1. Out of the residues in region 118-143 that are of a type in the set (A, V, I, L, M, F, W, C) and either farther than 14 Å from residue 175 by Cα or free of Cβ contacts under 8 Å to residues at least 40 places away in the same chain (or both), which is surrounded by the fewest Cβ atoms within 10 Å (Cβ to Cβ)?
2. Looking only at region 226-249, which residues are open to solvent by 10 Å² or more (accessible area, probe 1.4 Å) and in a loop (DSSP other than H, G, I, E, B)?
3. What number goes with the only condition from (1) farther than 23 Å from residue 98 by Cα; (2) open to solvent by less than 10 Å² (accessible area, probe 1.4 Å) that residue 37 does not pass?
4. So which pairs qualify, if the first residue must be in region 13-28 and touching a residue at least 60 places away in the same chain (Cβ under 8 Å) and farther than 18 Å from residue 312 by Cα, the second must be assigned to a helix (DSSP H, G or I) and open to solvent by 30 Å² or more (accessible area, probe 1.4 Å), the Cβ gap must be under 7 Å, and the two must be at least 6 apart or on different chains?
5. Of everything in region 144-168 that's without any contact (Cβ under 8 Å) to a residue 40 or more places away in the chain and under 20 Å from residue 203 (Cβ atoms), which residue is most open to solvent (accessible area, probe 1.4 Å)?
6. Among the residues of region 24-52 satisfying the criterion of being among the acidic types (Asp, Glu) and more than 16 Å from the ligand (Cβ to nearest atom), which is nearest to residue 240 (Cα to Cα)?
7. Would you mind telling me which numbered condition in (1) within 28 Å of residue 264 (Cα to Cα); (2) not acidic (Asp, Glu); (3) not in a strand (DSSP E or B) residue 151 fails?
Amino acid sequence: VDGLNTRAVAAGKEYFGSATDNGELSDIPYLEGLSNTADFGSITPGNAMKWDTIEPSRGTFNFANGDTIVDLAEKNGQLLRCHTLVWHSQLPSWVSNGGFDNATLIDIMVNHITQEVTHYKGKCYHWDVVNEALNEDGTYRSSVFYDTIGPAYLPIAFAAAAAADPEAKLYFNDYNLEYGGAKFNAALEIVKLVQSYGAKIDGLGFQGHLIVGSTPSRSSQESNLNKVAALGVEAAFTELDIRTTTPATEAAVAQQAKDYAATVGACAAVEKCVGVTIWDYTDKYSWIPSVFQGQGAALPWDENLQKKELVYNAILEAL
Ligand code: XIL
């Protein structure tokens, strides 16, 4: 059956995927769409594997929501992109405000990674090991991890993840890398930093939270992906959505189709770009309107779970 994932695989990609979240799975028509492997060969938990869900207090681990997503992927025959181990956001205050010294925070971080990656060993095709470590100007973002441990927290995190599941592909993931420039260059430096410590890193994740009419061209995105490949690692679009002012005009939707084609087409054109994940597949469950005032309509399916034919077909044809 033709579909986004079928086309992606036929084009030599590993998957086309979608994020999802536990609360959405009781919506049966939604679940049917998500489970259609013609469109989605991979799923990503939108929240279930984040620190505040997994280890809300020190040493107490709650894997139930994550396990639900793992079971769904297994049942559907889908890959899993597991997201995310070390991030400044959705981080419980016992970590962020704990006042731990360097050695203690390293222990806490390594223990969190070891427990979580071990629990999901063999289930996660990809792990987003570290998420959003950078500022827009390419400097390191201030976080409890960076401020306490310094940049070494990155290789330490990757080494811990690799030790717990040697088969999983390990990613550094961030947003606004698609524009090239200082932040993208700094992400390349993170890949090199982890490599220089002798730790394993397999890929750079481009979140891809883009804007209709401001999405970089296909050729510039290809050039970014080729720079990643030149470091000997792979790349993926991990959270793609392309937002616009709502309600979306006809012209905006036409532009959105082109912007999706530019991004997905760039991935299709570069061998080391292994796949594309959209950050949920329907506007019904998009995170955009809750965070970007007056913005939304960012996904290829609308709020009624109807395909936007123009956008969907543009992605299909770009693959
Ligand atoms: C978002 C989720 O989709 C929301 O449900 C949650 O309230 C906030 O986080 N970058 C990331 C994702 O790496 O984890 C974020 O997901 C979106 C931005």
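1. To start, the set of residues in region 118-143 that are of a type in the set (A, V, I, L, M, F, W, C) comprises 124, 127, 129-130, 133-134.
Within this subset, residues satisfying the condition of being either farther than 14 Å from residue 175 by Cα or free of Cβ contacts under 8 Å to residues at least 40 places away in the same chain (or both) are 124, 127, 129.
Details: 124: 26, 127: 29, 129: 33.
Here the answer is 124.
2. Those that are open to solvent by 10 Å² or more (accessible area, probe 1.4 Å) and in a loop (DSSP other than H, G, I, E, B): 230, 231, 232, 246, 247, 248, 249.
3. (2)
4. 21/285; 24/285
5. Applying the filter and picking the extreme gives 166.
6. First pass over region 24-52, keeping only residues among the acidic types (Asp, Glu): 24, 27, 32, 39, 52.
Next, from what is left, pick out any that are more than 16 Å from the ligand (Cβ to nearest atom): 32, 39.
Values: 32: 21, 39: 15 Å.
Among them, the one singled out is 39.
7. So the condition that residue 151 fails would be (1).
The values are calculated or read from the model by the stated rules, or taken from the named source; none is laboratory data. As the structure is a computational prediction, the values presented were derived from the model and not from experiment. In this analysis, Cβ positions are derived from the backbone assuming ideal geometry, glycine residues included, and neighbour counts consider all displayed protein chains. What goes into the accessible areas is simple: the full protein's heavy atoms, side chains included, and nothing from ligands, DNA or RNA. Shrake-Rupley method; radii C 1.70, N 1.55, O 1.52, S 1.80 Å.
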